[in-house]
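Here is the structure we will look at.
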Amino acid sequence: MPRYCAASCCKNRGGQSARDQRKLSFYPFPLHDKERLEKWLRNMKRDAWTPSKHQLLCSDHFTPDSLDVRWGIRYLKHTAVPTIFSSPGDEV
């Protein structure tokens, strides 16, 4: 099943690199942590939307300190909240 970033205005998909050739990672929404899920959705400006267990956010929306790297694999910290989003008018 292909992976797509659920953020509005983000066209990242699994199997591709970011614009600057970094590898992308995809992370599931914290569906079992209501407080953190609300923060994710608020930052995405999608308060009235409910993600499914199949929807993901790409690593471009997280600051480097939101990730742990172990054995060459990037893991999202349990306290991580995405903060990097662009508006439709920001695209070049």
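Data overview
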{"quantity": "Residue satisfying all of: in the stretch 51-65; of a type outside the set (Asp, Glu) and not in a loop (DSSP other than H, G, I, E, B); farthest from CYS10 (Cα to Cα) among these", "calculated": "PRO64"}
{"quantity": "The stretch 31-58: number of residues that are touching a Leu at 6+ places or on another chain (Cβ under 8 Å), without any contact (Cβ under 8 Å) to a residue 40 or more places away in the chain and within 16 Å of CYS5 (Cβ to Cβ)", "calculated": "2"}
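Where a number appears in this text, it was derived from the coordinates with a stated rule and is not lab data. Computed from a predicted structure; not experimentally measured. No Cβ is skipped: glycine too gets one built from the backbone with ideal geometry, and neighbour counts run over all protein chains shown.
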